[in-house]
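Written below as structure tokens is the structure these notes are about.
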Amino acid sequence: MSRQFVEIDEEFICENCGENIEKLRYSCRNHCNYCLHSKHVDINPGDREEECHGILEPTGIEMNQQKGYVIIFNCKKCGQTRRNKAAKDDNMDKIIELSVTKID
């Protein structure tokens, strides 16, 4: 089965921090631009077919030459890993925090 991108750009209330998140308007809003958390609702981008509906916690950042910053998410409910490119209005302080290697 091929990965088909379904464009859905809608407002939502972040289930992690409670902020009202506006549409992105140039692509699809996938995560909170304040705390960077998301919700595990898609199997393929925009399909809304995932049954888990857990909270996707941002756990890291990758740099991609075409996409720029890519946020790595881990689902708190089922443990799956997802990735999504950062939006222009994402909280840069949070992105920097994710890029710092944590040493225990």
So, over other residues within a Cβ distance under 15 Å of Cys14, counting Lys, Arg +1 and Asp, Glu -1, the net charge is -3
Just the accessible area per residue of the range 1-74, please: how many Å² with a 1.4 Å probe?
-> 63 Å²
Quick one: Debye curve from the C-alpha atoms of the range 6-59, no solvent, what's log10 I(q)/I(0) at q = 0.25, 0.28 Å⁻¹?
-> -1.06, -1.25
What lysines sit close enough to Lys67 to cross-link, taking a C-alpha to C-alpha distance under 16 Å and skipping anything fewer than 8 places away on the same chain?
-> Lys85, Lys88
Cα-based radius of gyration of the chain once divided by 2.2 N^0.38 Å, which approximates compact folds = 1.04
Give me the percent of the accessible area of the chain that comes from carbon and sulfur atoms, probe 1.4 Å, all protein chains in place.
-> 45 percent
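At 222 nm, what value in deg cm²/dmol follows for the chain if DSSP H runs of at least 4 each add -39500 (n - 2.57) and the sum is divided by all its residues, to the nearest 500?
So the calculated ellipticity at 222 nm is -2000 deg cm²/dmol.
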Please report the orientation-averaged projected area of the range 34-79, defined via the convex hull of its C-alpha atoms, in nm².
-> 3.7 nm²
Evaluate the relative contact order of the chain (contact order divided by residue number), counting alpha-carbon pairs under 8 angstrom at least 6 apart; express in whole percent.
-> 20 percent
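Please sort by residue number the GluC sites (Glu not before Pro) in the range 12-104 whose DSSP state is loop and whose Cβ has at most 12 other Cβ atoms within 10 Å. Write out the running numbers ahead of the final one.
On the way: sites: Glu15, Glu19, Glu22, Glu49, Glu50, Glu51, Glu62, Glu97; in loops: Glu15, Glu19, Glu22, Glu49, Glu50, Glu51.
Passing both the DSSP loop test and the Cβ count: Glu49, Glu51.
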Positive dipole terminus of the chain, leading residue within Cys17, Phe73, Ile61 (C-beta point charges) = Ile61
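The values are calculated or read from the model by the stated rules, or taken from the named source; none is laboratory data. Nothing here was measured: the structure is a model prediction, and the numbers come from that model. Reconstructed Cβ throughout: ideal geometry from the backbone, glycine too, with neighbour counts over all protein chains shown. The area values use the complete protein model at the heavy-atom level, side chains included, leaving out ligands, DNA and RNA. Shrake-Rupley method; radii C 1.70, N 1.55, O 1.52, S 1.80 Å.
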